[in-house]
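Some notes on the structure that comes next.
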Amino acid sequence: MTHGHSGTSHSGASFPGTSPPGTLYVVATPIGNLQDLSPRAVQTLGNVARIAAEDTRHSGRLLAHLGLNVPMLSLHDHNESHRVEQLDRYLAAGEDIALVSDAGTPLISDPGFVLVRALRERGRHIVPIPGPSALITALSAAGLPTDRFTFAGFLPAKPAARKQVLEQWLAHEATLVFYESPHRIVHTLKALSEVMGEREVVLARELTKTFETFLSGTPNALLAQLVEDPNQARGEFVVMVQGASPKTEQSQHAFSEEALLNALLAEGVGVKQSAAIAARVFGGRKQTWYATLQAMKSED
Ligand code: SAM
């Protein structure tokens, strides 16, 4: 165990008492199953002077379950910047503090970033106590590629903005991970169907809880399952989407040009009109596209 670090060196520390006094411990808590709380997390929560919690009533139940009675204060999106000074004073006075959120790892779609950043800038000692996070738990059992993935947080609530964000990720080749609430899951699947089409999607629901379920399929196939069994639309979700298949820019371009021209001709669109459409879609001169289309037609 190492003693007496400065705030900027590597920590290597584990429990209060082994880190310098005045340390902020960022403690992960369960995402459903209380057995997932690590012994190190329990020990840390029991040894700190105060616990900053996203919701003191919610975390109060966890502490009661552990038989702990530690003073708590709230730290949420609306008071986080005001809490910085107060918590910094406690730390300066040598108190250890734990930061917890309602579930999982603080700062991951949860409050804490403003505090951790401000305290780092002030040279305070900050120690993570790792544990569950819904996104890693979901990825670890989904069967989608995990060598590269992008966590994109929550999608916007408004339909147009949601579709716009999905369109931005359309060509992204890494697995995409979103958090989603139960009342929006059907809308999100519809948007995925419209924007991403036939991609494989995995829904991880109620992770570590009694009704933990993994469903996989195309967005439309999943929609059908949720309509058939509305219980599948209940609870908390992690939505994972297979990345775009890798294509070289050249082959992607060549394929889409040829496919469109062939489709236009096959549908009986005239050469002149097809040339105008191609010029609009791919750029270039109408005359050039006209010549290409004539050549394709005479090859048939
Ligand atoms: N800090 C948390 C973490 O580390 O995973 C995430 C907090 S975020 C406010 C809550 C979202 O996480 C939920 O809407 C859901 O998308 C996801 N989530 C949390 N617990 C979950 C669970 N047990 N099963 C599935 N998703 C969960």
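The values are calculated or read from the model by the stated rules, or taken from the named source; none is laboratory data. Values in this document were obtained by computation on a predicted structure and should not be read as measured data. Please note: Cβ atoms are built from the backbone with ideal geometry, for glycine as well, and neighbour counts cover all protein chains shown. Side chains included, ligands, DNA and RNA excluded: accessible areas come from the protein's heavy atoms. Shrake-Rupley method; radii C 1.70, N 1.55, O 1.52, S 1.80 Å.
Helix 219-228 and the long axis of the chain differ in direction by around 70°, with both axes built from C-alpha atoms. Under 22 Å of direct C-alpha separation, and excluding same-chain neighbours fewer than eight residues apart, Lys272 reaches these lysines: Lys286, Lys297.
A Gaussian network model of the chain, with springs between Cα atoms under 10 Å, assigns the largest mean-square fluctuation among Val201, Val70, Val269 to Val269.
Shown are Asp77, Asp96, whose ranking by accessible area with a 1.4 Å probe and every protein chain present, most to least, is Asp77, Asp96. In straight-distance terms, cross-link reach from Lys247 covers every one of the aspartates and glutamates whose alpha-carbon lies under 19 Å from its own, apart from those fewer than eight places away in the same chain; here that gives Asp147, Glu167, Glu173, Glu198, Glu200, Glu257, Glu258. Convex hull volume of the Cα atoms of the chain, normalised per residue: 184 Å³. Computed over the chain with a Gaussian network model linking Cα atoms closer than 10 Å, the most mobile of Tyr179, Tyr90, Tyr290 is Tyr290. Placing R0 at 35 angstrom, the Cβ-Cβ distance between Ala157 and Met296 gives a FRET efficiency of 0.15 after rounding to 0.05. Does segment 23-132 come out rounded, prolate or oblate, given a ≥ b ≥ c as the square roots of the eigenvalues of its C-alpha gyration tensor, rounded meaning a/c under 1.5 and, failing that, prolate meaning a/b above b/c? Taking the square roots of the gyration eigenvalues as a ≥ b ≥ c, segment 23-132 is prolate.
Averaged per residue, the chain has 54 square angstrom of accessible surface, using a 1.4 angstrom probe with ligands and nucleic acids left out. The Thr288 and Ser109 beta-carbon pair, evaluated with R₀ = 51 Å, returns a calculated FRET efficiency of approximately 0.55. Under a GNM of the chain (C-alpha, springs under 10 Å), which listed residue has the highest mean-square fluctuation: Ala118, Ala103, Ala160? Residue with maximal mean-square fluctuation among Ala118, Ala103, Ala160: Ala160.
Taking the protein heavy atoms of the chain in the context of the full set of protein chains, the accessible area attributed to carbon and sulfur is 52 percent at 1.4 Å.
For Asn69 and Ala221, the FRET efficiency from 1/(1 + (r/R0)^6), where r spans their Cβ atoms and R0 equals 45 Å, is about 0.35. The distance from the alpha carbon centre of segment 150-165 to that of segment 12-74 is 32 Å, rounded to a whole number.
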